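**Q** I'd like to ask you about the structure that follows.
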Amino acid sequence: MAQVTKTEQKRRIRAARSRRRAVVFGALAVVVLGLAGYLLWRAFAPVPTAAADVRIQTTMEGFTPPVIRAKVGQPITIQLVNRDSQFHSDGGGWHQFAIEELGVNAKVGPESTQLVTFTPTREGTYEFYCDVCCGGKESPSMRGKLEVSA
């Protein structure tokens with residue numbers, strides 16, 4: 001049996017460490033790329049549509065669109081789409097769509113949709129807001145306007 005020199009032993013140890021590092025790096029790369037792919041898919045996956053007049057997306061950045069329009073005496077159905085996950089740091093991912101003057105108060109859970117139907121009874125501009133998270137009702141990004149015309 002041939003004896004292995006100390007230099008050869010060190011080379012083999014370095015090679016084994018290098019292989020382990022490559023395997024760990026490869027595994028981490030697969031996990032990171034898989035997570036990034038999943039998050040991109042969730043961000044751009046089509047949301048099931050329902051019979052709604054307006055679709056409002058609500059996230060921690062606010063409402064999109066921030067202004068909606070309706071007619072006096074005509075029911076309006078709003079589809080609230082919440083893209084935030086339950087891991088959202090404030091409010092557990094929940095959002096609210098509230099219009100005090102019209103008695104509207106709906107909440108939509110994380111990564112889900114909610115239909116809200118109501119009938120404006122008079123002209124005017126009404127503020128809608130989310131008071132569940134992201135600074136609440138006082139946050140400018142968590143507000144929007146409903147413009148009701150005749």
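The values are calculated or read from the model by the stated rules, or taken from the named source; none is laboratory data. The structure presented is a predicted model; accordingly, all values stated were derived computationally and were not measured. Neighbour counts run over all protein chains shown; Cβ positions are idealised from the backbone, glycine included.
**Q** Does segment 107-128 hold any residues that are surrounded by 14 or more Cβ atoms within 10 Å (Cβ to Cβ) and more than 17 Å from the chain's Cα centre (by Cα), and which are they?
**A** Within segment 107-128, V116, F118, P120, Y126, F128 qualify.
**Q** Can you work out which of the residues in segment 113-150 that are polar (S, T, N, Q) and in a strand (DSSP E or B) is modelled with the highest pLDDT? Can you show your working first?
**A** Start the filter on segment 113-150 by keeping residues that are polar (S, T, N, Q), which leaves 113-114, 117, 119, 121, 125, 139, 141, 149.
Still in the list and also in a strand (DSSP E or B): 113-114, 117, 125, 149.
Values: T113: 92, Q114: 91, T117: 93, T125: 96, S149: 93.
Only one residue tops the list, namely T125.
**Q** When you check E101 against the structure, is it modelled with pLDDT of 85 or more, of a type in the set (D, E) and in the same structural domain as R143 (by TED's automatic domain parsing), yes or no? Before you say what the answer is, go through the steps one by one.
**A** Details: modelled with pLDDT of 85 or more: yes; of a type in the set (D, E): yes; in the same structural domain as R143 (by TED's automatic domain parsing): yes.
So E101 fits the description; yes.
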